[in-house]
Amino acid sequence: DAGITQSPRHKVTETGTPVTLRCHQTENHRYMYWYRQDPGHGLRLIHYSYGVKDTDKGEVSDGYSVSRSKTEDFLLTLESATSSQTSVYFCAISDIRAYEQYFGPGTRLTVT
Amino acid sequence: GNSVTQMEGPVTLSEEAFLTINCTYTATGYPSLFWYVQYPGEGLQLLLKATKADDKGSNKGFEATYRKETTSFHLEKGSVQVSDSAVYFCAHTTLTGGSYIPTFGRGTSLIVHP
């Protein structure tokens, strides 16, 4: 199994507070992705990174920012959490030679 | 644009029945195609893949063939087990603007009864 972890695994926070989710990999893969999973919507891409300090937006990036200062870490920040951001967040990594992705265990975020 | 459409679920079958989950896609260029599986409370896991037309991906009794002419990648299994109950996602990855961008379908829930 690919070495990919997410922290925290569960978080409850209040509307308007900042939240940061962390994804950590031990595979030295170039690509890292953040998704959210919601019933009826499947998996939607928030942001992705194709290298250290190289990031770009996905289809649902509004209200989210990311940073990647090291190959192994990719941070997702909700600057001011809203109830619509209640979701399960997944991180994934990919070695471009193989194209397929390896997923972390997910973070369940509840915004009250 | 890029998209993946898969049949809505849930798909409910009895053990040992034949499974088909349909998946069609639109993509620019020449995508690689994937099926992922998600068990309750877990992240997605790669089930199988195909990287060029007419390739057949297979794993754990599941198969899917890359059909470029019909832009399809249907998942099949000859005899399902209760342990196959999960959500299945069809996906593709395309090279867009110099980066590899994945697109997922909405997922199909499979429920297998003893």
Report summary line: Residues A:66, B:82 in order from fewest to most other beta-carbon atoms within 10 Å are B:82, A:66
Query raised in the report: How much net charge surrounds residue A:82 when only other residues with a Cβ under 11 Å from its Cβ are counted (Lys, Arg +1; Asp, Glu -1)?
Result: -3
Query raised in the report: For chain A, with only Lys/Arg (+1) and Asp/Glu (-1) charged at the beta-carbon, what is the dipole magnitude about the Cα centre, in debye rounded to 20?
Result: 140
Query raised in the report: So if R0 is 22 Å, what FRET efficiency would residue A:112 and residue A:79 give, r being the distance between their Cβ atoms, rounded to the nearest 0.05?
Result: 0.80
Report task. Positive end of the charge dipole of chain B (Lys, Arg +1 and Asp, Glu -1 on Cβ, about the Cα centre): tell me which of B:17, B:75, B:51 has its Cα farthest that way. Result -> B:51
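Excluding the sites themselves, what is the longest stretch of chain B that contains no trypsin sites (Lys or Arg not before Pro) in a DSSP loop with at most 14 other C-beta atoms within 10 Å?
Values: sites that count: B:52, B:60, B:68.
With trypsin sites (Lys or Arg not before Pro) excluded where exposed in loops, chain B gives B:1-51 as its longest stretch.
Coordinate-derived values only; no laboratory data. None of the values given here were measured: they were computed from a predicted structure. Because the Cβ atoms are built from the backbone with ideal geometry, glycine has one as well, and the counts that use them run over all protein chains shown.
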